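Participant: Would you mind keeping the following structure in view while I ask a few things?
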Amino acid sequence: MIRRSAIVMGCSAGGITALQRVLPGLDRRLPAPVVVCCHTGSANVSLLVELIGQVSSLPVIEARERARVEPGTVHVAPSGYHLLVEEDLHFSLSVDAKVSFARPSIDVLFETAADAWRERVVGVLMTGANGDGAHGLASIRRNGGYAVVQDPDEAEAKAMPLAGLRIAGADVCLPLDAIAITLNELCLP
Amino acid sequence: MDVEDIEIELFVSAMRLRHGYDFSGYAPASLKRRVQQLVRVHGTGGIGGLIQRVLHEDGFVTAAVEGLSVPVSEMFRDPSVFRALRDKVLPVLASYPQVNIWQAGCAHGQEVYSLAILLQEEGLYERTRIYATDFNDAALAVATEGIYPARDARDWSRGYLEAGGRQSFSDYYSARYEFIRLDPGLRRNVTFFNHNLVTDKVFCEAQLILCRNVLIYFDNALQDRTLGLFRDSLVRGGFLCLGSRENIEFSAVAAEFASVDGALRIYRAGSSARPSTP
Ligand SMILES: C[S@@+](CC[C@H](N)C(=O)[O-])C[C@H]1O[C@@H](n2cnc3c(N)ncnc32)[C@H](O)[C@@H]1O
């Protein structure tokens with residue numbers, strides 16, 4: 001089995017609750033960086049960072065442009081900016097037009113993560129009421145990465161996982177409570 | 001290196017060698033997305049086709065620069081920043097008999113007009129000259145017109161009020177059909193012109209420089225060059241205002257700027273800047 005060394009997560013409506021369920025289950029020794037894109041609709045990401053930081057087993061910080069992607073850390077995309085992973089594993093930001101009505105866009109994060117980490121990345125697509133992230137997840141799979149989609153039947157908003165399954169397919173489709181366990185297995189040495 | 005990355009490098013070389021536009025210092029991931037977008041918009045089939053057109057079709061470079069540039073802007077984006085400019089920066093600028101402001105990367109000009117409104121309301125506009133620059137000629141043409149879709153006006157009106165606006169935002173435009181046209185008086189003291197931050201030099205002595213959401217597209221070396229230009233252009237104690245998610249701290253010139261409001265990315269040029277001449 002390929003040892004995966006990075007995790008990217010996307011969610012929208014219902015996403016904060018979903019993150020609060022998944023992040024506590026991640027192993028504290030996880031060597032992989034976790035990069036999260038959640039359309040919160042709020043103007044300030046610091047509230048989201050605080051909300052999920054309170055329950056996460058790993059430190060949660062806002063992803064800053066030009067900063068290095070840190071192992072064992074949850075990086076959250078700032079609101080109003082697309083978050084991109086550069087191949088030298090630094091972050092960059094852009095205010096390019098919205099993609100599928102969203103900025104930050106999960107597609108943008110996932111597509112650049114697919115280029116940067118190739119088969120080493122795991123993409124996780126969870127609850128949301130739109131189709132953002134599906135094409136990004138397809139890029140991840142095309143490059144040999146691993147795709148996890150939340151089981152649409154238990155997602156607060158099904159549209160996003162359904163779009164992911166339709167356009168990208170998935171390596172596994174899991175209920176929320178099983179996602180962290182799988183991520184630990186995929187990434188722990 | 002995969003084939004697409006090689007093609008992008010060839011494209012970047014073609015733009016530089018044939019037309020003098022150097023994108024080699026741009027952050028690669030977002031540049032790549034925009035090159036892919038150019039391919040789609042112009043239906044060139046692939047990056048190879050794009051290179052052909054850049055090399056052999058004289059008029060195409062304008063379209064290429066237009067596609068690679070991201071002239072996305074808003075009026076009063078991050079209203080708290082404009083509020084701080086109004087409350088903390090303009091009162092200092094008021095001590096100069098003549099004020100020069102350089103707005104670099106002005107895109108479609110929304111921020112230029114936002115600034116002009118602030119200056120007018122604070123009684124400074126008459127003695128101010130705003131140099132608004134960008135390297136995208138098509139964007140500069142839109143900026144000069146000052147005509148925008150009416151559907152944006154409501155958001156902008158909210159931003160204007162949050163930025164401490166003293167009147168009604170609608171006092172500054174006339175609406176016709178689906179568009180608003182900003183009061184042409186707002187650009188009386190504005191000069192729009194082409195300036196490329198990668199290749200061009202300093203051209204004025206400024207008390208305030210705004211350059212928001214441009215540096216995020218540059219790598220460290222190009223950010224350093226650009227911030228160096230700003231340092232050389234600012235009078236001692238002059239102000240620099242960057243985008244809300246831009247970090248000066250990774251830059252070699254960081255030590256030459258003092259923070260006025262760190263969260264809002266407002267800085268002041270330190271002792272090595274030009275001596276001021278109020
Ligand atoms: C996203 S817009 C920022 C607009 C505005 N300052 C704002 O924050 O709303 C970025 C602008 O930078 C300009 N730009 C990019 N590279 C440039 C360069 N080398 N020289 C001058 N302008 C550049 C683009 O053409 C684009 O209009």
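Participant: Can you tell me which residue within region B:60-75, out of those that are surrounded by fewer than 17 Cβ atoms within 10 Å (Cβ to Cβ) and more than 10 Å from the ligand (Cβ to nearest atom), is nearest to the other protein chains (Cβ to nearest Cβ)?
Facilitator: Here is the first cut: in region B:60-75, the residues surrounded by fewer than 17 Cβ atoms within 10 Å (Cβ to Cβ) are B:62-63, B:66.
From the residues that got through so far, the ones that are more than 10 Å from the ligand (Cβ to nearest atom) too are B:62-63.
Details: B:THR62: 19, B:ALA63: 17 Å.
Result: B:ALA63.
Participant: Continuing with the same structure: Given the criteria under 20 Å from B:VAL72 (Cβ atoms) and out of contact with any Gly (no Cβ under 6 Å at 6 or more places or on another chain), does B:PHE169 qualify? Show your work before the answer.
Facilitator: Numbers: under 20 Å from B:VAL72 (Cβ atoms): no; out of contact with any Gly (no Cβ under 6 Å at 6 or more places or on another chain): yes.
No, not satisfied.
Participant: Take the residues in region A:86-98 that are in a strand (DSSP E or B) and more than 7 Å from chain B (Cβ to nearest Cβ), then tell me which one is surrounded by the most Cβ atoms within 10 Å (Cβ to Cβ). Outline the logic, then answer.
Facilitator: Filtering region A:86-98 for residues in a strand (DSSP E or B) gives A:90-94.
Still in the running and more than 7 Å from chain B (Cβ to nearest Cβ): A:90-91.
Working: A:HIS90: 20, A:PHE91: 23.
Among those that are in a strand (DSSP E or B) and more than 7 Å from chain B (Cβ to nearest Cβ), it is A:PHE91.
Participant: To continue, here is another question. Is region B:199-222 home to any residue that is within 14 Å of the chain's Cα centre (by Cα) and open to solvent by 50 Å² or more (accessible area, probe 1.4 Å)? Working first, answer last.
Facilitator: Just the residues of region B:199-222 that are within 14 Å of the chain's Cα centre (by Cα), to begin with: B:208-218.
After this cut, where a residue has to be open to solvent by 50 Å² or more (accessible area, probe 1.4 Å) as well, the list is none.
No: zero hits.
Participant: Checking the structure you have, find out if any residue of region B:160-169 is more than 16 Å from the ligand (Cβ to nearest atom), more than 14 Å from chain A (Cβ to nearest Cβ) and assigned to a helix (DSSP H, G or I).
Facilitator: The answer is yes, given that some residue of region B:160-169 is more than 16 Å from the ligand (Cβ to nearest atom), more than 14 Å from chain A (Cβ to nearest Cβ) and assigned to a helix (DSSP H, G or I).
Participant: Where the second residue is part of a loop (DSSP other than H, G, I, E, B) and within 13 Å of the ligand (Cβ to nearest atom) and the first is at negative phi and lies in region B:199-214, which pairs have Cβ atoms under 6 Å and are six or more apart or on separate chains?
Facilitator: Close Cβ pairs satisfying both conditions: B:CYS211/B:GLY105; B:ARG212/B:GLY243; B:VAL214/B:GLY105.
Participant: Something else now. Within the set of pairs 6 or more residues apart or between chains, which connect a residue that is more than 7 Å from the ligand (Cβ to nearest atom) inside region B:100-115 to a residue that is part of a loop (DSSP other than H, G, I, E, B) and open to solvent by 10 Å² or more (accessible area, probe 1.4 Å) with Cβ atoms less than 7 Å apart?
Facilitator: Listed by first residue and then by second, the contacts come to B:ASN100/B:CYS204; B:ASN100/B:GLU205; B:TRP102/B:CYS204; B:HIS108/B:PRO71; B:HIS108/B:SER73.
Participant: Check region B:57-66 and report whether any residue there is within 20 Å of B:GLU145 (Cα to Cα) and in contact with a Lys or Arg (Cβ under 6 Å, 6 or more places away or on another chain).
Facilitator: Checked against the condition, which is being within 20 Å of B:GLU145 (Cα to Cα) and in contact with a Lys or Arg (Cβ under 6 Å, 6 or more places away or on another chain), region B:57-66 yields no hits at all.
For every residue, the table says whether it meets (1) modelled with pLDDT under 95; (2) surrounded by fewer than 24 Cβ atoms within 10 Å (Cβ to Cβ); (3) on the phi > 0 side of the Ramachandran plot; (4) away from chain A (no Cβ under 14 Å).
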| residue | (1), (2), (3), (4) |
| --- | --- |
| B:ARG77 | yes, yes, no, no |
| B:PHE82 | no, no, no, yes |
| B:ARG86 | no, yes, no, yes |
| B:GLN98 | no, yes, no, yes |
| B:GLN103 | no, no, no, yes |
| B:ALA107 | no, no, yes, no |
| B:SER114 | no, no, no, yes |
| B:ILE117 | no, no, no, yes |
| B:GLU121 | no, yes, no, yes |
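Participant: OK, next. Could you please let me know if B:GLN98 is under 21 Å from B:VAL235 (Cα atoms) and among the polar types (S, T, N, Q)? Even if it seems obvious, please write down each step before you answer.
Facilitator: On the way: under 21 Å from B:VAL235 (Cα atoms): yes; among the polar types (S, T, N, Q): yes.
The answer is yes for B:GLN98.
Participant: Could you tell me which numbered condition B:LEU182 fails, if it satisfies all but one of (1) among the hydrophobic types (A, V, I, L, M, F, W, C); (2) touching a residue at least 60 places away in the same chain (Cβ under 8 Å); (3) within 30 Å of B:LEU222 (Cβ to Cβ)?
Facilitator: Going through (1) among the hydrophobic types (A, V, I, L, M, F, W, C); (2) touching a residue at least 60 places away in the same chain (Cβ under 8 Å); (3) within 30 Å of B:LEU222 (Cβ to Cβ) one by one, B:LEU182 breaks only (3).
Participant: When you scan region A:52-80, how many residues do you find that are within 15 Å of the chain's Cα centre (by Cα) and within 16 Å of the ligand (Cβ to nearest atom)?
Facilitator: Matching residues across region A:52-80 total 2.
Participant: Then there is this: Please tell me if A:VAL108 is crowded, with 17+ Cβ neighbours inside 10 Å and either of a type in the set (A, V, I, L, M, F, W, C) or closer than 19 Å to A:GLY72 by Cα (or both). Please lay out each step first, then the result.
Facilitator: Working: crowded, with 17+ Cβ neighbours inside 10 Å: yes; either of a type in the set (A, V, I, L, M, F, W, C) or closer than 19 Å to A:GLY72 by Cα (or both): yes.
Yes.
Participant: Name, by its number, the condition in (1) open to solvent by 40 Å² or more (accessible area, probe 1.4 Å); (2) touching a Ser or Thr at 6+ places or on another chain (Cβ under 8 Å); (3) within 21 Å of A:ALA178 (Cβ to Cβ) that does not hold for A:ALA129.
Facilitator: (3)
Participant: Could you please let me know if A:LEU125 is at negative phi and of a type outside the set (Val, Ile, Thr)?
Facilitator: Details: at negative phi: yes; of a type outside the set (Val, Ile, Thr): yes.
Yes: the conditions hold for A:LEU125.
Participant: Among the candidates B:ASP134, B:ASP183, single out the residue that is more than 21 Å from B:ALA94 (Cα to Cα) and within 16 Å of the ligand (Cβ to nearest atom). Step through it out loud before you land on a result.
Facilitator: Details: B:ASP183 fails: within 16 Å of the ligand (Cβ to nearest atom).
The match here is B:ASP134.
Participant: Output the residues belonging to region A:62-85 that are facing chain B (nearest Cβ under 10 Å), in a loop (DSSP other than H, G, I, E, B) and open to solvent by 10 Å² or more (accessible area, probe 1.4 Å).
Facilitator: Those that are facing chain B (nearest Cβ under 10 Å), in a loop (DSSP other than H, G, I, E, B) and open to solvent by 10 Å² or more (accessible area, probe 1.4 Å): A:ARG64, A:ARG66, A:ALA67, A:SER79, A:GLY80, A:TYR81.
Participant: Within region B:225-232, identify whether any single residue is within 24 Å of B:GLN110 (Cα to Cα), in a strand (DSSP E or B) and more than 10 Å from the ligand (Cβ to nearest atom), and answer yes or no.
Facilitator: The first filter runs over region B:225-232 and keeps only residues within 24 Å of B:GLN110 (Cα to Cα), leaving B:226-227, B:229-230.
Among the residues that remain, those that are also in a strand (DSSP E or B) are: none.
So far as region B:225-232 goes, no, none of its residues is within 24 Å of B:GLN110 (Cα to Cα), in a strand (DSSP E or B) and more than 10 Å from the ligand (Cβ to nearest atom).
Participant: Being within 15 Å of the ligand (Cβ to nearest atom) and either within 14 Å of another protein chain (Cβ to nearest Cβ) or among the basic types (Lys, Arg) (or both), is that true of even one residue in region B:147-157?
Facilitator: Step one: of region B:147-157, the residues within 15 Å of the ligand (Cβ to nearest atom) are B:148, B:152, B:155-156.
Right, trim to either within 14 Å of another protein chain (Cβ to nearest Cβ) or among the basic types (Lys, Arg) (or both) and you get B:152, B:155.
Checked against the condition, which is being within 15 Å of the ligand (Cβ to nearest atom) and either within 14 Å of another protein chain (Cβ to nearest Cβ) or among the basic types (Lys, Arg) (or both), region B:147-157 yields at least one hit.
Participant: Considering each residue of region B:232-255, count those that are closer than 26 Å to B:ARG83 by Cβ, away from every other protein chain (no Cβ under 12 Å) and open to solvent by 50 Å² or more (accessible area, probe 1.4 Å), and give that number.
Facilitator: Total satisfying the criteria: 1.
Participant: Ok, one more. Can you tell me which residue is nearest to B:ILE8 (Cα to Cα) among those in region B:39-50 that are surrounded by fewer than 20 Cβ atoms within 10 Å (Cβ to Cβ) and within 28 Å of the chain's Cα centre (by Cα)? It would help to see each step written out before you state the result.
Facilitator: So the first thing to find is which residues in region B:39-50 are surrounded by fewer than 20 Cβ atoms within 10 Å (Cβ to Cβ), and the list is B:39-46, B:48-49.
Adding the requirement that they be within 28 Å of the chain's Cα centre (by Cα) leaves B:39-42.
Working: B:VAL39: 11, B:ARG40: 15, B:VAL41: 16, B:HIS42: 16 Å.
This residue is B:VAL39.
The values are calculated or read from the model by the stated rules, or taken from the named source; none is laboratory data. Just so we're clear, the structure is a prediction, and the values are computed from it rather than from any experiment. Glycine also receives a Cβ, built like all others from the backbone with ideal geometry; neighbour counts cover every protein chain displayed. Surface areas here come from the heavy atoms of the whole protein model, side chains and all, with no ligands, DNA or RNA. Shrake-Rupley method; radii C 1.70, N 1.55, O 1.52, S 1.80 Å.
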